[in-house]
1. Would you say N83 is at pLDDT 90 or above and over 30 Å from L538 (Cα atoms)?
2. Just to be sure before I move on: is A521 among the aliphatic types (A, V, I, L, M) and either surrounded by 20 or more Cβ atoms within 10 Å (Cβ to Cβ) or closer than 30 Å to E12 by Cβ (or both) in the structure I sent?
3. Under 8 Å between Cβ atoms, which residue pairs at least 6 apart in sequence (or on different chains) link something in the range 408-435 that is modelled with pLDDT of 85 or more and surrounded by 12 or more Cβ atoms within 10 Å (Cβ to Cβ) with a partner that is part of a helix (DSSP H, G or I) and basic (K, R)?
4. State which residue is surrounded by the fewest Cβ atoms within 10 Å (Cβ to Cβ) when the search covers only the range 390-407 and only residues that are under 23 Å from Q443 (Cα atoms) and touching a residue at least 60 places away in the same chain (Cβ under 8 Å).
5. Condition check: modelled with pLDDT of 90 or more, over 30 Å from Q412 (Cβ atoms) and not in a helix (DSSP H, G or I). Does L51 satisfy that?
Amino acid sequence: MREIPLPDVVSEALTNALTALRNSVTDLRFNLDLPGAEEARRTQSEILAQLDDYVIPRVHMSTAPALVVIAGSTGAGKSTLINTLANAKVSATGVRRPTTGTPVLACHPDDHEWFAKGDLLGSLRRQSEFDSDTAPGGLVLVSTERLPPGVALLDTPDIDSVVEEHHEIAHRMLDAADLWIFVTTAARYADAPAWRLLRLAKERGARLAIVLSRVSPQSREVVTKHFVRMLTEYGLGEVDRFVINESKATDGMLPDHEVTELRLWLTELSVDDRRRAQAVQATLFGALNSFRTRIPALAKQLEAQVSFRSDLRTDVDAAYIHAMTEIEETTRNGSLLRGEVLARWQDFAGSGDLMRTLHLRKPGRFAGKATQQAPERLSALKSALRAGLESVVVSAAQRAAEETAARWLHRQSTGKILVDTPGLGRASDELLRKTSRVVAAWQDHIIELIRTEGVTKRSVARVISFDVESLALILTVGLLGNGSAEAGGIAGALPQRLVHALLGAESLRNIGVKARSDLRARIGMLFDDETSRYVQVLDGAGIPDENAATRLYQATYNLEVAR
């Protein structure tokens, strides 16, 4: 037979573009159970199967025999039809449903080797005989002289099979076919499964023929007219149609005269190279055309996944930003200087230890050198301040973790992430230890600030010496005690007057700004460690990156250019 191949330049360009598209589709992940995600996963699987089983092999071998799939709903007589056309019982028939679980491909002996070794349906293991116990993933390949060369018939499981695996195989075979022969009966042609399949054929641009079987001679005209009217209303009025009368099957085959017209149609397809090539290429390019809508649908779901990941990350950031705001408010309004902290300050200030940390400088002594060690009350105050600030930070972080968990659980599709990752609803086990180090480091930083900023009120500095650590603690009380009504003038005003006198207004202001900024930075890094747990969960969930949809759109554009 005369070959009408695709031009080499077209074949090569299409192959490269399709391979790139396949790689892009393979890498996609739709792990978040968002609306449309399940459909996207199914579409992804269908596209990959169609690319591997049909589109790429067909582009490589555009002159190979045409593969005609026999499809239909349960009990339509698909296997009986293919047995009749092959003049041999190549596919199982009977009243038990489903009769066909493993697809059967029948072809002329001259085409046997191509289907045995070719890439078309290459993922299916070839078998030479039908076996009802055959494991999934096989393709029974038989040859018969009664079929014309250049045309092969593929019997598939029912499209509406109650066996999910059979249902999936049937649709996979449809995606791998050059032409579809849809078989329905006079009793069931109006059923929904039939029209779902016809709609799918129309969407894919597949070349289609329809067989209406088991038609009673008495009602043939009425049934046929009604069926044709339905097809016309659906936009399929020009599709080739064949009617088979209701007749008794013998040994799984119909009387040969019932399929005369269909056999002639297949023969004409076989001998007319151009007609066959046009039919094959029409279906091939119909499949390519379907990618114009199916691929963007995947990209939109990718964008939804990326957007949802961003929303989840925003939930985390919002919770911990709120926690930071709470901490800043607590460290400014004086509420930290209550309870144990206030008691320790009042004990320290009222005992005279406060004034003992300051004393007249003796002539000749080195400026700023303390002559007395901090008393026990000073140490107790320092510990109370540290514990109080630690408690504020840890409590805020705990609330942030709970708020994040609540936000994520409210987004129902992420519930599984939380269930599979224990501990996200509470602060990390290491938080208390890390917070203790952070607060201690901050207290040390204030001491260093006082040392480096120096004393600017020289008239005071000449006559008064002070202990740097004590002054740092007094400064801390002043920073945290502003607004403390309960502490009155003791907690706020006295420390402020002392440090103002010793350091000067400008130095005090600079130290205060730097101390608060440093505390915020240290807590920010602490919270970064806390939020990293959520980031790790999101990264481990396999959510696509922001460029995945762009790469997919680009691959689709490259395919259009190659065409």
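The values are calculated or read from the model by the stated rules, or taken from the named source; none is laboratory data. Note that the structure is predicted; figures quoted are calculated from it, not measured. Here Cβ is always computed from backbone atoms with ideal geometry, including for glycine, and neighbour counts include all displayed protein chains.
1. Spelling it out, N83 is indeed at pLDDT 90 or above and over 30 Å from L538 (Cα atoms).
2. no
3. G423/R533; L424/R533; S428/R533
4. This residue is V392.
5. no
The rows are residues; the columns are (1) over 21 Å from L67 (Cβ atoms); (2) not assigned by TED's automatic domain parsing to the domain that holds R196.
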{"position": "T224", "(1), (2)": "yes, no"}
{"position": "V228", "(1), (2)": "yes, no"}
{"position": "E238", "(1), (2)": "yes, no"}
{"position": "D256", "(1), (2)": "yes, no"}
{"position": "V259", "(1), (2)": "no, no"}
{"position": "L266", "(1), (2)": "no, no"}
{"position": "Q278", "(1), (2)": "no, yes"}
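For (1) at pLDDT 85 or above; (2) part of a helix (DSSP H, G or I); (3) not assigned by TED's automatic domain parsing to the domain that holds A405, each residue gets a yes or a no:
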site	(1), (2), (3)
L471	no, yes, no
L475	no, yes, no
L479	no, yes, no
V499	no, yes, no
I511	yes, yes, no
S517	yes, yes, no
R522	yes, yes, no
E530	yes, yes, no
L559	yes, yes, yes
